[in-house]
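Visitor: Structure below; questions to follow.
The values are calculated or read from the model by the stated rules, or taken from the named source; none is laboratory data. What you see is a predicted model; the values in this text were computed from it and never measured. Positions of Cβ are backbone-derived with ideal geometry, glycine not excepted, and every protein chain shown enters the neighbour counts. For accessibility, only protein heavy atoms count, side chains too; no ligands or nucleic acids. Shrake-Rupley method; radii C 1.70, N 1.55, O 1.52, S 1.80 Å.
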Amino acid sequence: MFDNSSNPWDRRKFLGAVLGSSSAVFGLVAPDKVLAARLINTATNYRHADYTRYVFGVNGPLDYKSFTLDNPSRLVVDLTQTEMNRVNIPPAPAGSIVSDVRVGVRDGYNLRIVFDLKAPVNPRLILLPPGDGQGYRLVVDLPHDKATTLVARDVADPDSKPKIQTQSTFRDLVIAIDPGHGGKDPGAIGHRGTKEKHIALDIGRRLRDMVAATPGLKPVMTRDSDKFIHLRGRTAIARNAKADLFISVHSDAFRVTSARGASVFCLSQHGATSEAARWMANRENEADFVGGASISDHDQDVASVLLDLSQTKTLENSLDFGHRVLGQIGDITDLHSRRVQQAGFVVLKSPDIPSILVESAFISNPQEEARLRTAAYQKEIARSILDGINTYYAERAPEGTRYAML
Ligand SMILES: [Zn+2]
């Protein structure tokens, strides 16, 4: 790992050349006889709706301390006797609170990582111990504090150099649309033979077109044809697309044909709790959750704290979003339940994507089945969901999104 033949002067020159750039590859060599105790071997980042997370893989427990600075806002993390081992810190994610990350060496063997920030933050640092083939990881969470607006601050603070952000730097909010069932799974079937999977896809496509036509929103479909997708595959598509919201579209069925009306579901608390247990037991999910690193099963406390924080907020947001959609749907049709209902639906279990399931009507009710087949009703349902999205984001579009600027 160490190249002791390197000339220290060359090394210093190299350091000088790379400081200030977060995309450079760091291949630092320890000075003679002062070998660093710790090596950072990996660096990943991930932009959550509420924070940007950096995860540094390190070859052992490390001593670190951190502090924040203002004008300009920075987070400084000092790591004792630590080096970067040919690690490429990825550029700050679009729309993140972080503008750049710089790395430097202090006293010859201590590492300083400086996060240049667009606004002051209260960072959260956690050292995760090893497990599941992963070593120690230092997790740095930088919340996107809504109270500190990037643009407003830049303009208001006379000491800071005004930065004009162009429209193109703001990201679109990604709306995942999940037409239920598909392929070998027809879903519920009405008396006239109408299959739920076809109705769900029709409504999903109409919603997709409406979302695509709304500035600041971008649709992603979990399926756009009559194909079968596993439930977990659906949430995976949303996660990979970094979805901000997830909407599963269905139509209801009951043995009594008189059952009628639309409803909206969110995940139940029990569903969330059991999902937390499942996530803790599933390495793949954990890896996803901490942004590419994995949480060890020796570290359930830290991991469950992280997961719980995210889940609680997500469920709160799901209920708020579901309530808004239900209100819109209530204007165009009867509701089966006037409250957002909660159940353990698998597709609603993403711990960090607010998710709802819309039962557009009862396909088992002959009148509603006939209605579900009409373009007019399909459009009305899609429009109601879109209106729900708009009222939800009117109050809480995240900083850094194009939607928030419109
Ligand atoms: Zn269904």
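Visitor: Hey, can you tell me all the residues within the stretch 238-264 that are open to solvent by 30 Å² or more (accessible area, probe 1.4 Å) and of a type in the set (Phe, Trp, Tyr)?
Guide: Passing the criteria: only 254.
Yes or no, residue by residue, for (1) without any contact (Cβ under 8 Å) to a residue 60 or more places away in the chain; (2) within 14 Å of the ligand (Cβ to nearest atom):
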{"position": "174", "(1), (2)": "no, no"}
{"position": "181", "(1), (2)": "no, yes"}
{"position": "186", "(1), (2)": "yes, yes"}
{"position": "192", "(1), (2)": "no, no"}
{"position": "195", "(1), (2)": "yes, yes"}
{"position": "236", "(1), (2)": "yes, no"}
{"position": "244", "(1), (2)": "no, no"}
{"position": "269", "(1), (2)": "no, no"}
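Visitor: Same structure again: Select from the stretch 57-84 the residues that are under 19 Å from residue 129 (Cβ atoms) and not hydroxyl-bearing (Ser, Thr, Tyr) and list them in ascending order.
Guide: Residues satisfying the conditions are 57, 58, 59, 60, 61, 62, 63, 65, 77, 79, 81.
Visitor: OK, next. Given the criteria under 25 Å from residue 362 (Cβ atoms), within 16 Å of the ligand (Cβ to nearest atom) and either assigned to a strand (DSSP E or B) or over 22 Å from the mean Cα position of the chain (by Cα) (or both), does residue 251 qualify?
Guide: Against the criterion (under 25 Å from residue 362 (Cβ atoms), within 16 Å of the ligand (Cβ to nearest atom) and either assigned to a strand (DSSP E or B) or over 22 Å from the mean Cα position of the chain (by Cα) (or both)), residue 251 qualifies.
Visitor: Return a yes/no flag: does the stretch 356-366 have any residue that is open to solvent by 10 Å² or more (accessible area, probe 1.4 Å), of a type in the set (D, E, K, R) and not in a strand (DSSP E or B).
Guide: The answer is no; no qualifying residue exists.
Visitor: Under 30 Å from residue 119 (Cα atoms), small (Gly, Ala, Ser) and in a helix (DSSP H, G or I): is that true of residue 404 in this structure?
Guide: Criteria met by residue 404.
Visitor: Which residue out of 327, 322, 344 is over 22 Å from residue 270 (Cα atoms) and either open to solvent by less than 40 Å² (accessible area, probe 1.4 Å) or touching a residue at least 40 places away in the same chain (Cβ under 8 Å) (or both)?
Guide: Being over 22 Å from residue 270 (Cα atoms) and either open to solvent by less than 40 Å² (accessible area, probe 1.4 Å) or touching a residue at least 40 places away in the same chain (Cβ under 8 Å) (or both) holds for just one of 327, 322, 344, which is 327.
Visitor: Could you list, in sequence order, the residues of the stretch 225-237 that are over 10 Å from residue 182 (Cβ atoms) and either of a type in the set (Gly, Ala, Ser) or open to solvent by 30 Å² or more (accessible area, probe 1.4 Å) (or both)?
Guide: The answer is 230, 231, 232, 233, 236, 237.
Visitor: Would you confirm, using the coordinates I've provided, whether residue 126 is surrounded by fewer than 20 Cβ atoms within 10 Å (Cβ to Cβ), more than 30 Å from residue 393 (Cα to Cα) and touching a Lys or Arg at 6+ places or on another chain (Cβ under 9 Å)?
Guide: Spelling it out, residue 126 is indeed surrounded by fewer than 20 Cβ atoms within 10 Å (Cβ to Cβ), more than 30 Å from residue 393 (Cα to Cα) and touching a Lys or Arg at 6+ places or on another chain (Cβ under 9 Å).
Visitor: Follow-up question, since we're still on this one. Inspect the stretch 189-200 for any residue being hydrophobic (A, V, I, L, M, F, W, C), over 21 Å from residue 239 (Cβ atoms), in a helix (DSSP H, G or I) and modelled with pLDDT of 50 or more and give the result as yes or no.
Guide: For the stretch 189-200, residues hydrophobic (A, V, I, L, M, F, W, C), over 21 Å from residue 239 (Cβ atoms), in a helix (DSSP H, G or I) and modelled with pLDDT of 50 or more: present.
Visitor: Can you spot a residue in the stretch 302-315 that is at pLDDT 90 or above, at negative phi and outside the structural domain of residue 123 (by TED's automatic domain parsing)?
Guide: Yes; the residues of the stretch 302-315 include at least one that is at pLDDT 90 or above, at negative phi and outside the structural domain of residue 123 (by TED's automatic domain parsing).
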